[in-house]
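All remarks here apply to the structure that follows.
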Amino acid sequence: MDFDLIVRGGTLPDGKVADIGIVGETIAAIGPRLQGEARGEIDARGNLVSPPFVDPHFHMDATLSYGIPRINASGTLLEGIALWGELKPLLTHEAVRDRALAYCDWAVSMGLLAIRSHVDVCDDRLLAVEALLDVKKTVAPYIDLQLVAFPQEGLYRSPTALKNTIRALDMGVDIVGGIPHFERTMADGTRSVTELCEIAAKRGLMVDMHCDETDDPLSRHIEQLAYETQRLGLQGRVAGSHLTSMHSMDNYYVSKLLPLIAEAGVSAIPNPLINIMLQGRHDTFPKRRGLTRVKEMLALGIRVGWGQDCVLDPWYSLGTADMLDVAFMGLHVAQMSSPADMARCFDMVTNVNAAIMGLDHLGLALGKRASLVVLDAGNPIEAVRLRPERLCVIARGKVVAERTRQETRLSISGRPAQVNRRHKTT
């Protein structure tokens with residue numbers, strides 16, 4: 001069999017060593033020592049070959065805007081929302097587009113080839129919606145970009161948010177979003193969940209809702225989201241993002257809540273970098289760390305994926321578009337330290353996140369899209385530990401990013417001339 005590209009001798013996440021043969025945009029063969037001619041070959045021997053990284057929760061309309069018009073002095077979620085309100089009137093189509101495209105360049109360099117971005121619809125110009133729809137078309141040859149219609153200031157709290165949500169969906173935005181805990185009352189929050197899910201059901205769309213991103217244990221909109229998912233037949237199409245209030249809920253209530261989420265098939269997307277930075281700001285000690293009950297959800301079969309949320313914007317002053325940073329932080333905060341749990345954290349930022357986003361064409365299997373990453377690591381756990389170089393990134397069968405391995409030279413008597421932090425276990 002002839003191929004356009006062969007990735008030779010890489011170690012797959014399951015530990016098998018194999019060649020991957022690519023024809024056009026498709027994985028055409030996987031096996032040891034593939035025979036046949038190829039127009040190009042990538043030597044992946046000794047390195048991990050992975051599905052692409054996937055981010056199911058991001059805010060691309062705000063990314064790379066850090067410091068405009070000022071910095072979030074308190075570091076709180078609410079000041080970040082207020083700061084975003086100050087920034088929105090200053091936005092231009094070109095600025096939003098250019099910053100988003102620059103971030104997509106970062107993403108490609110890190111093997112991040114699928115992103116779900118929320119886009120604020122509480123600006124009557126829908127300027128950010130138009131800009132990100134342009135970005136979506138531009139990056140389509142190498143990034144799967146999904147957009148969520150997100151009424152940042154509240155579906156009812158913002159006078160034109162409901163109308164603008166419908167307008168954004170009519171313009172081609174993919175997914176229905178919401179922020180029930182930011183409405184003026186709990187009742188309005190509950191009502192917003194119902195109305196937004198009904199909109200999604202009528203249009204045949206997915207739902208991804210900022211849900212209970214608060215330290216208040218009485219913020220329980222995830223319960224309504226699970227109920228509406230079952231009532232409207234949305235199973236498998238709904239995600240609750242953040243769910244941070246669950247870190248403060250009493251255990252008896254959670255013992256009722258988690259089975260409801262599992263029964264409804266609602267996915268959970270915690271965002272560990274941002275959640276632990278923004279939550280618990282009003283605590284002295286003990287200080288809550290703002291992460292939902294990840295291990296407990298996983299134990300009940302709830303689909304949980306790690307999200308990045310923000311990079312250099314009003315809410316978060318760091319970030320590099322590296323989903324392994326996200327997995328690394330999530331591993332620590334959720335105390336997922338067993339070998340199985342650490343490997344699972346890698347899977348959460350690749351295959352699990354792809355499943356949450358409905359991207360069935362991604363993955364290392366015959367017939368899947370030929371989008372993959374070669375990492376300077378021996379296995380998924382080592383990749384999470386090192387957050388290593390992406391030696392090669394392939395999108396739709398084409399090499400879109402490459403980097404040479406970086407070795408450090410030592411000048412110490414009696415010690416090796418070079419040091420590499422990869423570790424061979426016996």
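GluC sites (Glu not before Pro), restricted to the range 14-99: which are DSSP loop and have at most 11 other Cβ atoms within 10 Å? Sites meeting the loop and neighbour criteria: Glu37. Just to be sure I understand: with springs between alpha-carbon atoms less than 10 Å apart, which residue in Ile269, Ile68, Ile115 has the highest mean-square fluctuation in the Gaussian network model of the chain? The residue that fluctuates most here is Ile68. Candidate cross-link partners of Lys295 among the lysines, defined by an alpha-carbon separation under 24 Å and a same-chain spacing of 8 or more, comprise Lys256, Lys287. Dividing the summed helix terms, -39500 (n - 2.57) for each DSSP H run of n ≥ 4, by the number of residues in the chain produces a 222 nm estimate of -10000 deg cm²/dmol to the nearest 500. Choose one answer from Val108, Val135, Val121: the residue with the largest mean-square fluctuation in a GNM of the chain with alpha-carbon springs under 10 Å. Taking springs between Cα atoms under 10 Å, the residue moving most is Val135. For the chain, the pair-distance distribution built from all alpha carbon pairs, in bins 20 Å wide starting at 0, is 26, 56, 17, 1 percent. Of all lysines in the structure, the ones whose alpha carbon falls short of 25 Å from that of Lys16, not counting any fewer than 8 places away in one chain, are Lys368, Lys398, Lys424.
When the surface is traced with a 1.4 Å probe over the full set of protein chains, Ser338 keeps roughly 50 Å² accessible.
Cross-link partners for Lys163 among the lysines, with Cα-Cα distance under 25 Å and sequence neighbours closer than 8 places in the same chain left out: Lys88, Lys136, Lys137, Lys202.
So which trypsin sites (Lys or Arg not before Pro) in the range 103-198 are both in a DSSP loop and have at most 11 other Cβ atoms within 10 Å of their Cβ? Show your work: numbers first, answer last.
On the way: sites: Arg116, Arg125, Lys136, Lys137, Arg157, Lys163, Arg167, Arg184, Arg191; in loops: Arg125, Arg157, Arg184.
Here the trypsin sites (Lys or Arg not before Pro) that fit, given the DSSP loop and packing criteria, are Arg184.
Largest GNM mean-square fluctuation among Leu257, Leu291, Leu145, using the chain with Cα springs under 10 Å: Leu257.
Might you tell me the accessible area per residue for the chain, computed with a 1.4 Å probe and given in Å²? Walk me through the numbers on the way to the answer.
On the way: 17640 Å² over 426 residues.
Accessible surface, normalised per residue, equals 41 Å².
Could the peptides 396-402, 409-415, 367-373 be put in order, highest first, of the mean number of other beta-carbon atoms found within 10 Å of their residues?
Details: 396-402: 16.3, 409-415: 7.3, 367-373: 22.1.
The most tightly packed comes first, giving 367-373, 396-402, 409-415.
The values are calculated or read from the model by the stated rules, or taken from the named source; none is laboratory data. All of these numbers come straight from a predicted model, not from anything done at the bench. In this analysis, Cβ positions are derived from the backbone assuming ideal geometry, glycine residues included, and neighbour counts consider all displayed protein chains. Just the protein is used for accessible areas: all its heavy atoms, side chains included, with ligands, DNA and RNA removed. Shrake-Rupley method; radii C 1.70, N 1.55, O 1.52, S 1.80 Å.
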